[in-house]
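Quick notes on the structure that follows.
We did not get these values from a lab; they are worked out from the coordinates using the rules stated. Just so we're clear, the structure is a prediction, and the values are computed from it rather than from any experiment. Backbone-built Cβ (ideal geometry, glycine too); neighbour counts: all protein chains shown.
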């Protein structure tokens, strides 16, 4: 979606054409889902977070500053939601898992990367902190700079750079271990 | 033996001075040996979930639509996010402060009362007029045995009434 279309769609939503919000959801849902998956590592949680994020974006659309990037705004809200889920999970791990299992309705069955990447992603989930996962996901998938990443994960550009550095180092180690294991 | 990249990494983690770190960053950005120890964008994408994994996500819009149409057909106006939250935040602060003050006042009053009652001698207290006199004591309308115990403390008399 071009910048002009994006602004026009936001204006239309603010004017009461809620159906136009679908265009924004369609434009950003895949990026949002990928980032949520990278931070949370669980499809159910990622879907819930995406859904909640878009609802929150719609509710607070009037608060959006047009001088900022809409994508950055969505990803900022999404990252905070992901952290909320992780915090909640730490507190009520058992109860949360039960609830997750019980709420069976899936948004899609199509989020399915190749098996090898899924296994590597699982290892990376364990070794990287949520902040590092978010930083590297934004860097590699979205092509953002340290300063832009800092705006989303809520830290200084220097801290974002350190997060990214550590994440890249750990990923390199994972890939090297995998290569050694394959030989 | 530590390699060049490991030494840089250790120095980077140990030394927190900003100027030093900036120099290390510049070095890392330009040193092929250091870059070789870090995953590149393509390497990282090999271990991350990507947007093209997400498929259709067809159920997302209906779910979002249900939620937003249940509330309203348009987003909350901007004015709702400027004045109101500040007012609400302040109201909460005032309420919390008022509650705290009320609790402090009650506590102070309780403490003052306790200490005052311990120091001011009431004329009705037994120690004040030299003794305690009980005409009779009854339990359920029947006369009862009364035992008066006078402790060493001049302000304390225990009256024990027992059914006969």
Order of B:14, A:128, A:23 - criterion: other Cβ atoms within 10 Å of each residue's Cβ, fewest first: B:14, A:23, A:128
Per-residue average of Cβ from other chains inside 10 Å of A:166-173: 5
Taking A:126, A:87 and counting other C-beta atoms within 10 Å, the order from fewest to most: A:126, A:87
Label-point separation, residue B:15 to residue A:155 (7 Å along Cα→Cβ), nm: 2.2
Percent of C-alpha pairs per 10 Å bin, region A:113-183, short to long: 21, 48, 25, 6, 0
Shielding score for B:18-24, defined as the mean number of other chain Cβ atoms within 10 Å: 1
Calculated FRET value between residue B:155 and residue B:91, using beta carbons and R₀ = 51 Å, to 0.05: 0.55
Helix A:3-14 axis, angle to chain A major axis (alpha carbon atoms, nearest 10°): 60
Exposure proxy ranking, count of Cβ atoms within 10 Å, fewest first, for A:72, B:108: B:108, A:72
Cα-based helix-to-principal-axis angle, A:93-102 vs chain A, degrees rounded to 10: 60
Helix A:115-127 axis, angle to chain A major axis (alpha carbon atoms, nearest 10°): 90
